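Chemist: Okay, here's the structure, questions in a sec.
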Amino acid sequence: MNFDFFKNNQYATLKEMSHLHIPDGVLPFYYILFSAILFFILGIAIFRKPEKNYKKLPLLGFLSALMLVTMSLEIAPILYHINLTVPAGIILGPALSFLAAFIVNLLLSLFGHGGISTIFLNSLILSLETSIAWLLFKKIFKNLPVFLRGLLTSIIVLYLGTAITFVITLQAGKRVAKNQITFDHKEELEMLSFDEKRLAFLFFGLGSVGVFLESLLSSFLLAYIAKVKSEVLD
Amino acid sequence: MAESTSERIVEFSCIKHTYFDKTSISICGLHFQVIRGTKVALLGPNGCGKTTLLKHILGLIHSKEGDIKVFGVNPAKDFAKIRAKIGVVLQDVDEQLIGPTVFDDIAFNLRNLGFKEPQVREKVNKIIAEFNLLAIKDKMVYYLSGGEKKKVAIAGALVHEPELLVLDEPFENLDYLSSHQIADYLIQLNKKKKTSIVFALHDLHLLSQIADFIYFMYPGGKIGLYGPAKEVLEKVKLEDYQLEKHHI
Amino acid sequence: MLIADLDYFAHKNNPSLKPSAVVFRLVLFLITTILVLSTKSLPLLITIYGFLILVILFCKVPLRLTLFPSFLPLVFLLFFLLSFRSLNILLALTIILKALTLSLSTLVLLVFTSVYRILAVLADFLPPLLVSSLWLTYKSLFILNKNLVSLLAAWHFRGGLSIKKPLSSLKNLGFGLGFLLIKSLDMAEKEYEALMLRGYNGRIYF
C-alpha cells in the first residue's frame, strides 16, 4: 500500500529532541559508567519482586511496541516523528515506564538509530520524563480538563527532556573541543570552539516546533482516551 | 447420544458479571452443565454472552452472583489447581501465541507444567505430525497466516492431553479442509480419550457434526434451549436471534 | 517496517543457526563496539567501516536494510558538529565515523542474526523479567504494525489528514493513535489472559 500523506520513512531524518542522540564515542566514559550503575541499581530496586509485574508485562510489551511502531510515522514535510512517550508514561506509571524506556532505547539503537553507548543514560532520561508525565498528569494537574492536562504535561516534560539533553550535549561538545586541543596540538586553550548559543538555538528554537506538535498530538490522544475508556487514565 | 449421569465437570445455575463499561450480563435460565466425555456447544446471536460464559469457565472473570464449579473448584479462585486438565483456544489467537516458534509455542504449556524436555519434544513432535505442522515447525509465530495460527493454537491446547477443551470459535480463519480435519480430530479425541469439549461456534454445519448437546443463548444471556444437538437445531428459528423478541 | 524486514531477512537466510555461531557474532559485535568507542584513530575506524561495507556487498545484503538506515545518526550528528565554530576536519570525520560504524555494525549483526536467536542465547543470563519484556515487545511489534497499516489505510480512504488543515489533521491523527493505543490495551489484556491460562511462570522458553 502506498499512502501519500505519510511517508512510512524508515530512514528518519529529524528525531524528536527529547531523546538523547549525541553521537557515540564523545561522552566522557564516566557518564556511561555512572549511568549504567545508576540504571542497574534502580532496576534492581524497582523490580526486586518480578512476579508482581507479570500482570502488566503484556501492557508493557504492547505500549513499548506502540512507541516504536509510531516512531516510523513521519509527518512530512516537517520531518517530525511521532513519539508517544507522554501518554505511555501516564498509562504505564513510573516503574514500568523505566523498563519500557530501556526496551525502546535498546531496540532503537539496535536498529541503527545510534546511541548504543548512551542506552543507559538515554533510558534514565526517558524514564524521568515518563515518571514526571505521570506525576503531573495524575496528581498535580488532576483537576484540570484532560486536554489541558495533557498539553501542560507534555510541554513541561518535553522541554525538561530537551534541557537535560542540551546540558549533556554541551558537556560532550566541550569534551570534543578539548580533544581537539590535544589532537591538533595547535589550538589555544581559550579557543574552546563549541558554540553554546548555536546549540541552544537548535535545541530550543527548532526543537520547540517538535514540542508544540507533540504536545498537541498527545493532548488529542489523551482526550480521545478520556472519552472512550476513561478508566485507563484514572 | 444419551446423556449419562456421570461426573459433571462444569456446572452453574445463574452467574452475573459487570464489565468496566457497566455492561452487565446475567447468564441465567436453564442449569448449565457439562458431563464428562460430552461435547457441548454454545449457540446464540452476537453479544449474547457466549464468550462471557467461556470466560467464567476459565476463571478469567469473577461472578458477582452465583457459583460456578469446574472440576469441583471455583475457577476464578483456584484455576492453578485445574490448569493441567484444561486446554483453551481463545477467539483472538494473535495474543494467545506466546512462544517464538511454532514448536516453542506448542511446548509452552508443557514446559510451564514442569514436563522434562525429552517428554516435551516427544509430545510436541507427535502433535505436530498429527496436525501437519511439520513444514512450519521452526517458523516464527508472527509470520503464520490466520489459519496456521489457529491450528498452532489448537495444537498447543491439546498437547498436554487435557480432560476439558474450551474453544471459542476454533474454526475461524480455517479453510474448509482444515476445519473438517480438526473437527474429525476432536471427534476422535472425544471417542478415544473421553475428552470433554465446550465450544462456541457459528458454523451450524460443523456444529451439528461435532456437538452432542447444544445450549442456545438468547440475547441478554438467557440460556433458553438445551438438548441433543439435532433437536435444538430444529427448534431454533431466525427470530430467536432478534433482540426485540426478548424485549432487550 | 525496518525491524520486520531485518527479521525476515535474517530468518530466511539463516533458518537454523547454532547457539555457538550466535555467541561468536555477539562477541565480535562487542569487540567492534569497544574498539570503535575507545579509539581516536581515524585509519582504524575507516578500516572497520570499510570491512562492514565489504561484508554487506559480498553477502549481497540489501543496502536499504543496512547502509541507508545506518545514516540515521547523521542528522543529530550534524546538529552537534554545526555547533562548533571551528572544528578540525579529521576530528569531525572521526566523530562521524564512530557513530556510523557503530550504527552499521548493529544492523549488520541483526541482518544475519535475528533478535529471536540473540534472545535465545542470552535468555539464560539475563533476568527472566527482562527477557519476557523484550520478547513480548518484539512480538507485539508485528501485531501492531499490521494494525497501523490498517489505520493508515483507513486514513487514506476516509480522509481526515490534509496538510491544508493542520489542526484538524493533528486532531484526527491524535484520535487515530488513541484508537490504536486502546486497541493495544485490549490486546494486552487478552495476552495476559492467555499467559495465565497457559501457566506462565515468569519464563519464556526458547
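Chemist: Could you tell me whether any residue of segment B:95-110 is at pLDDT below 90 and among the aliphatic types (A, V, I, L, M)?
Modeler: Yes, the conditions are met somewhere in segment B:95-110.
Chemist: On to the next question. Let me confirm something: among A:91, A:116, A:44, A:37, which residue is hydrophobic (A, V, I, L, M, F, W, C), within 30 Å of residue C:9 (Cα to Cα) and either within 9 Å of another protein chain (Cβ to nearest Cβ) or surrounded by fewer than 24 Cβ atoms within 10 Å (Cβ to Cβ) (or both)?
Modeler: On the way: A:91 fails: within 30 Å of residue C:9 (Cα to Cα); A:44 fails: within 30 Å of residue C:9 (Cα to Cα); A:37 fails: within 30 Å of residue C:9 (Cα to Cα).
Only one candidate qualifies: A:116.
Chemist: When you go through (1) in a helix (DSSP H, G or I); (2) buried (at least 18 other Cβ atoms within 10 Å of the Cβ); (3) within 11 Å of chain C (Cβ to nearest Cβ) one by one for residue A:174, which number turns out not to apply?
Modeler: (2)
Chemist: Just to be sure, is residue B:23 among the hydroxyl-bearing types (Ser, Thr, Tyr) and within 16 Å of the chain's Cα centre (by Cα)?
Modeler: Values: among the hydroxyl-bearing types (Ser, Thr, Tyr): yes; within 16 Å of the chain's Cα centre (by Cα): no.
Criteria not met by residue B:23.
Chemist: When you check residue B:169 against the structure, is it in contact with a Ser or Thr (Cβ under 7 Å, 6 or more places away or on another chain) and at pLDDT 90 or above, yes or no? Full working, then the answer.
Modeler: Values: in contact with a Ser or Thr (Cβ under 7 Å, 6 or more places away or on another chain): no; at pLDDT 90 or above: yes.
Taking the combined requirement at face value, the residue does not satisfy it.
Chemist: Next question, about the same structure. Among the candidates C:185, C:173, C:161, which residue alone is within 7 Å of chain A (Cβ to nearest Cβ) and buried (at least 23 other Cβ atoms within 10 Å of the Cβ)?
Modeler: Matching residue, one of C:185, C:173, C:161: C:173.
Chemist: Condition first: out of contact with any Gly (no Cβ under 6 Å at 6 or more places or on another chain), in a helix (DSSP H, G or I) and of a type in the set (A, V, I, L, M, F, W, C). Now tell me which residues in segment B:89-138 satisfy that.
Modeler: Passing the criteria: B:102, B:103, B:107, B:110, B:120, B:124, B:127, B:128, B:129, B:134, B:135, B:136.
Chemist: Just to be sure before I move on: is residue C:194 within 21 Å of residue B:89 (Cα to Cα), at the interface with chain A (Cβ under 7 Å from one of its Cβ atoms) and not hydroxyl-bearing (Ser, Thr, Tyr) in the structure I sent? Lay out the reasoning, then the answer.
Modeler: On the way: within 21 Å of residue B:89 (Cα to Cα): yes; at the interface with chain A (Cβ under 7 Å from one of its Cβ atoms): no; not hydroxyl-bearing (Ser, Thr, Tyr): yes.
The answer is no for residue C:194.
Chemist: Does any residue of segment C:135-150 turn out to be surrounded by fewer than 21 Cβ atoms within 10 Å (Cβ to Cβ), more than 7 Å from every other protein chain (Cβ to nearest Cβ) and of a type in the set (A, V, I, L, M)?
Modeler: Checked against the condition, which is being surrounded by fewer than 21 Cβ atoms within 10 Å (Cβ to Cβ), more than 7 Å from every other protein chain (Cβ to nearest Cβ) and of a type in the set (A, V, I, L, M), segment C:135-150 yields no hits at all.
Chemist: Let me ask you something else. Do we have any residue at all in segment A:136-148 that's free of Cβ contacts under 8 Å to residues at least 60 places away in the same chain and at the interface with another protein chain (Cβ under 9 Å from one of its Cβ atoms)?
Modeler: no
Chemist: Give me a count of the residues in segment C:17-73 that are touching a Gly at 6+ places or on another chain (Cβ under 8 Å) and touching a residue at least 60 places away in the same chain (Cβ under 8 Å).
Modeler: 3
Chemist: What is the one condition in (1) under 14 Å from the mean Cα position of the chain (by Cα); (2) at pLDDT 90 or above; (3) of a type outside the set (Asp, Glu) that residue B:182 does not satisfy?
Modeler: Of (1) under 14 Å from the mean Cα position of the chain (by Cα); (2) at pLDDT 90 or above; (3) of a type outside the set (Asp, Glu), only one is false for residue B:182: (2).
Chemist: Under 7 Å between Cβ atoms, which residue pairs at least 6 apart in sequence (or on different chains) link something in segment A:195-218 that is closer than 20 Å to residue C:78 by Cβ and at the interface with chain C (Cβ under 10 Å from one of its Cβ atoms) with a partner that is part of a helix (DSSP H, G or I) and of a type in the set (Gly, Ala, Ser)?
Modeler: Once the first residue is closer than 20 Å to residue C:78 by Cβ and at the interface with chain C (Cβ under 10 Å from one of its Cβ atoms) and sits in segment A:195-218, its partners that are part of a helix (DSSP H, G or I) and of a type in the set (Gly, Ala, Ser) give A:199/A:173.
Chemist: Name the residues in segment C:1-21 that are outside any helix (DSSP H, G or I) and among the hydroxyl-bearing types (Ser, Thr, Tyr), would you?
Modeler: We begin by selecting, within segment C:1-21, every residue outside any helix (DSSP H, G or I); these are C:1, C:14-18.
Answer for segment C:1-21, where residues must be outside any helix (DSSP H, G or I) and among the hydroxyl-bearing types (Ser, Thr, Tyr): just C:16.
Chemist: Still on this structure, please answer the following. Does residue C:101 satisfy the criteria of being assigned by TED's automatic domain parsing to the domain that holds residue C:114, within 16 Å of the chain's Cα centre (by Cα), part of a helix (DSSP H, G or I) and among the β-branched types (Val, Ile, Thr)? I'd like the intermediate steps shown before the answer.
Modeler: Numbers: assigned by TED's automatic domain parsing to the domain that holds residue C:114: yes; within 16 Å of the chain's Cα centre (by Cα): yes; part of a helix (DSSP H, G or I): yes; among the β-branched types (Val, Ile, Thr): yes.
It is true that residue C:101 is assigned by TED's automatic domain parsing to the domain that holds residue C:114, within 16 Å of the chain's Cα centre (by Cα), part of a helix (DSSP H, G or I) and among the β-branched types (Val, Ile, Thr).
Chemist: Condition check: closer than 19 Å to residue A:114 by Cβ and free of Cβ contacts under 8 Å to residues at least 60 places away in the same chain. Does residue C:109 satisfy that?
Modeler: no
Chemist: Please verify whether segment C:71-78 includes one or more residues that are in contact with a strand residue (DSSP E or B) (Cβ under 7 Å, 6 or more places away or on another chain) and more than 8 Å from chain A (Cβ to nearest Cβ).
Modeler: Step one: of segment C:71-78, the residues in contact with a strand residue (DSSP E or B) (Cβ under 7 Å, 6 or more places away or on another chain) are none.
Checking segment C:71-78: not a single residue is in contact with a strand residue (DSSP E or B) (Cβ under 7 Å, 6 or more places away or on another chain) and more than 8 Å from chain A (Cβ to nearest Cβ).
The values are calculated or read from the model by the stated rules, or taken from the named source; none is laboratory data. These numbers come from a predicted model, not from an experiment. So basically every Cβ, Gly included, is an ideal-geometry build from the backbone, and we count neighbours across all protein chains shown.
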